[in-house]
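As structure tokens, the structure follows; a few thoughts come after it.
The values are calculated or read from the model by the stated rules, or taken from the named source; none is laboratory data. Not measured: the values here are computed from a predicted model. A quick note on method: Cβ atoms are made from the backbone with ideal geometry, for glycine too, and the neighbour counts reach across all protein chains shown. With ligands, DNA and RNA removed, areas are computed over all heavy atoms of the protein, side chains included. Shrake-Rupley method; radii C 1.70, N 1.55, O 1.52, S 1.80 Å.
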Amino acid sequence: MREPKKKVSKARVRKDKRSQLLIYMLPSVIRQLKLAALAKGKPSYELAEEAIIEWLKSHQDEIRQGTAKISRGE
């Protein structure tokens, strides 16, 4: 019989409230992201987060339309 899952340790909870997300990217993209982060003096997650936020803003209408279709069961 499996043991119940343990609660997440407090050491894993970030002060900035960010959560972990696993994504798969091509090795060349990962390398470029890491090099860009070094050049900018920022962590790579911040560059990725900024890019995702910008993409979401620029596709806001498209996303709304898609979620509305899902809500209607289309």
Open item on the list: For a quick check, take a GNM of the chain with Cα springs below 10 Å and name the residue from Gln60, Gln32, Gln20 with the largest mean-square fluctuation.
Closed with: Gln20
- [ ] For the chain, give the magnitude of the charge dipole about the Cα centre (Cβ charges: +1 Lys/Arg, -1 Asp/Glu; no others), in debye to the nearest 20.
- [x] 660
Task: For the chain: accessible area per residue (Å², 1.4 Å) - done: 104
TODO: Provide Glu54, Glu74, Glu46 ordered by accessible surface of protein heavy atoms (probe 1.4 Å), highest first.
DONE: Glu74, Glu54, Glu46
- [ ] Provide Lys40, Lys69, Lys17 ordered by accessible surface of protein heavy atoms (probe 1.4 Å), highest first.
- [x] Lys17, Lys40, Lys69
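Return the carbon/sulfur percentage of the accessible area of the chain, one whole number, probe 1.4 Å, all protein chains in place.
C and S fraction of accessible area: 58 percent.
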Task: Most positive-pole-ward Cα, Ala37, Ile53, Gln20, against dipole of the chain from beta carbon charges - done: Gln20
